[in-house]
Structure formats: structure tokens, C-alpha cells
1. Calculate how many DSSP beta bridges within the chain are antiparallel, expressed in % of all such bridges and rounded to the nearest 5.
2. For helix 180-200, report the angle its Cα long axis makes with the longest principal axis of the Cα atoms of the chain; keep it between 0 and 90° and round to the nearest 10°.
3. Relative contact order for the chain: what percent, with Cα pairs under 8 Å and sequence separation of 6 or more?
4. Could you tell me how many degrees, from 0 to 90 and to the nearest 10, lie between the Cα long axis of helix 276-285 and the main elongation axis, the longest principal axis, of the Cα atoms of the chain?
5. Helix-derived [θ] at 222 nm for the chain: sum -39500 (n - 2.57) over DSSP H runs of at least 4, divide by residue count, nearest 500?
6. Can you report the principal axis dimensions of the chain using only the alpha carbons, biggest first, rounded to whole angstrom?
7. Tell me the GluC sites (Glu not before Pro) within region 311-413 that lie in a loop according to DSSP and have at most 14 other beta-carbon atoms within 10 Å.
8. Starting with the fewest neighbours, write out His83, His97, His440 ranked by other beta-carbon atoms found within 10 Å of each beta-carbon.
Amino acid sequence: MAAKKTITTRAENYSDWYLDIVQVAELADYSAVKGCMIIMPYGYSIWENFQKVLDKMIKDTGHKNAYFPLFIPKSFLTKEAQHVDGFAKECAVVTHHRLKATPDGVIVDPEAKLSEELIVRPTSETIIYDTYAKWINSWRDLPLLINQWANVVRWEMRTRPFLRTTEFLWQEGHTAHATYDDAEEEARKMLAVYESFCRDYLATPVIPGKKSESEKFAGAMHTYSIESMMQDGKALQAGTSHNLGQNFAKAFEVKYTGKDGKQEYVWQTSWGVSTRMIGQLIMTHSDDKGLVLPPNIAPIKVVVVPIWKDEGSKENVMKFCENVVAEMSAAVDSVQLDSRDYLSMGERLYEWEKKGVPVRIEIGQRDIDSGNAVVVRRDTSEKKIVPVAELTEYVAKLLTEIQSGLYAAAEKRLRDNSHVIDNYDEFKKQLEKDIPGFIHAHWCGNAKCEELIKDETKASTRCIPFDVVKEKGACIKCGESSDQRIIFAKAY
Ligand SMILES: [Zn+2]
């Protein structure tokens, strides 16, 4: 990738700014296949941290990991009518299994046509539930709690690194339960897991709630989501959890024999978060200088940069810094030494700034002589002279402070840009502003109004927050009666 030196500011063009951050922080690269991204080592190390934390949370709530095939027989996708409607337009289809060399080059061997086409999974409900029909027989087999880490493919026309790519990485949980209540509890529980992951690791407040009928997952009974607000006042759906009811159980004959000897269909859930969350992370905290990462998810939390004036002092400074890193590593994880002597001091400092490392420590011969180090925090750019003897304690505290400071800033933004609106003209005016934000408005529940609003304002319903207050009101569009508000926003 060509080295990119300047970053478009957010005020100039938010969308270009986002793409610049992805590039300068070396998170992802464009690939030869349109719409697919190459996740670069630094970007992938962030994803690995997501996996490490979430995998533990998923296992701590009783789930086990498994792996199912990438290919799904086409016939599976016709079994659940709503599901096929939802995904048919974005499926990659495998039709042949062999190439053939000809004088004109390699061609698809016409004789190697598959008897049944295979679909590259856009999501795995169908292939997993076909298997569950074999695995589940009795009430003793329930609940079945399985998660898989995988890639999926959805043929997208307009793509953007992390936010929307044709192939992406995710985890998908798939569970089966004896009762509706058990499935409902599971769907809510996993949404709460995502909520706490966002809050405690990504320093991102999210609004958990229920999706409208037209925004729910194809084939689900209820879809729940967590919605977060980006710096430009648009919404990003960071994770979803579905109570699938018995829709798939009936389509795939997933039944169990109850304690009473009667056969029943199981109740199911599925839930997932993807590499899209990295897009959320970028757009929540980063600034015009580059990426900003919350310490709890940063692959490198602290970088120590030795600064030398000449070869004579280099060895001494380097040795001193190695000791600082060794000592600090006993109390703080992911501390790194930047000993690259082929880069200038400026180049090294700039790299860590644009990569969003939360804390940078600069140490030169003069600092060593005075027993101090310069500590710079990435979020506020504040510099502080700290005695070396107190460095570890100071940095450990500072990391906690940065984490909570980033959360507080994101929460303030969410609060400041949330509006309660009862008048459609005002509603439209708000959505035309630079930062449209979230609008809490009454809606009658009719998909027709939802569609008209989307056509006229580009805002969609995001979710009915779980903590919504029941109150009588009139639909912002048609005036029909409504029992509660729903959040409208422009969304990624
Ligand atoms: Zn209405």
C-alpha cells in the first residue's frame, strides 16, 4: 500500500477521514477482489483481542465452540421462506468444481458442473439446524449451546473496510431450547454480553432494544440489537441477537421428546458480532491525528520510545528503556519497546500516534540524568514529566483514566445528540443537520410509515430501547396512536 501521510479531517469529509484512518493506522488494505478487504497485522491484532475477550465471555455463559462447513446446499436455503427472501440477493454460488487448461487459457470445465449448486454461507442457520435435527432427540439434549468463529460472504454492492465488506469475520451463536421462555432469556442474555463488551472494553455506550418487524433478521421471531452513535451522529448496529422461535425448527424438523414422552419442536436463538465492530471502534474514538484505542482492547497499551542524540548515548538510553519495559511489564500488559534505529525520532512518534497506542513514554539521556520520563497520553495529547521510580504506578492509573475518559466522552456525545421530537417538520430538520443524532419519536408500528419516513429522510428505525417509557402519543408520520417511542437515525 502506498504510504499515506496526510489524514483528511473529520470536518472536511467524515467518510474520507474514516478511510484514511484505516490506511494510516495500517488496519486493512484493499484486495484484488472488489469488496473484500485484507486485514493487516495491526488490524488483525485488534480482532484477535476482540476474539480473546468475547470467546471467554461466550464460554463463561455455557457455550462451546464448533465449526460447520463454508458451503450450504442450495436446497437448504429454500426451506425457510423468509430467510431465503432476506439473503437471496446477496449469495455467492458455487456451480463447478474444476478448471481446465485450454490453448486460450484456463476455463471453467463445463463437464465439472455440480449436480446441486452450493451457496457460500451468508450465515449458518440452515446448515447448523440441519445438523441439530440429528443431534437433538430428547429433552436431555437441551439446551444445546454452540458458537462458531467463521467467515461469511454477503455479496454487497457498496462496500467500506470493516463496515460493509463482501467477506467478513464474525462469531455466530446458535442455540436450541425446550421452551420459548428459555430461548427468550438466552437471546437477551447474549445481547447483554455484547453490551458489556462494548462498554467495558470498547469504551462505547450502546442502546439495547428491539428491532421493528421490517428491520428484524430474516426468519426471526424477534430481533434485538445494540445501537451505538458514531461521531457524525449516525447509528451503527454493533451486534444482534435473535429469538428465532420455532421457524427454523419447523423447517428443519428439529424436534425433541419431552419428559412427558411427547415430541415438540425446539425453540432457537442465533446471535453475532463481526469485524464491523472494528469500524465502530474507529468511528467512536479516533481523531484527526489518527486512531485512538481504548486501553482495554489495544494490542499495544504502552510504547516506550528511547531517544538518543548520538551513537555514544544510544546504548545507554536503550539499556535504560529495556529495564523500564521489563519492570512495567510485571504490572501492565502489552508494553512495547520501539528500538528501531533506522527511523527518526519523529517517524517513530508519529507512527504510534496514528496507530492510537494509548500511552507513549519518551526517554532520553537528559531524562535519565534527571530521573524522569516524558509520558504522553494519546486521547488528550497531554504530556507529563514523571519520576522513573513512579512510572509503573502512574501508567497503570493513567490507562484506567484513559479508558473511563473515552467512555465518558462517548456517553456525553450520545446524550447531547439524542432528541425527543413530536413534530414531523422538526424531525426532518433535525435529520438534515450535520450531526443528525438519534431521534426518539412516536411511531404507530405500521411498516408503511416506516418506509415513507426512510424515503423522505433516509432515517430508519433503530430499536425500541428496553428501558423505554410507556406513554400515549401520536405517530410522527400519520398521527395514529402509539404506546412508546422508537429511535430513528441515519445508519451505517
Ligand atoms: Zn404511522
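1. In the chain, approximately 80 percent of DSSP beta bridges are antiparallel ones.
2. Result, in degrees: 20.
3. After rounding, I find 14 percent.
4. Value to nearest ten degrees: 40.
5. Result for the chain: -10500 deg cm²/dmol, rounded to the nearest 500.
6. 81, 67, 56
7. Sites meeting the loop and neighbour criteria: Glu382.
8. By the 10 Å Cβ count, ascending: His97, His440, His83.
Taken together, the values in this text are just the output of simple stated rules run on the coordinates, not laboratory data. None of these values were measured; they are calculated from a predicted model. Don't worry about glycine lacking a Cβ; one is built from the backbone with ideal geometry, like all the others, and counts go over all protein chains shown.
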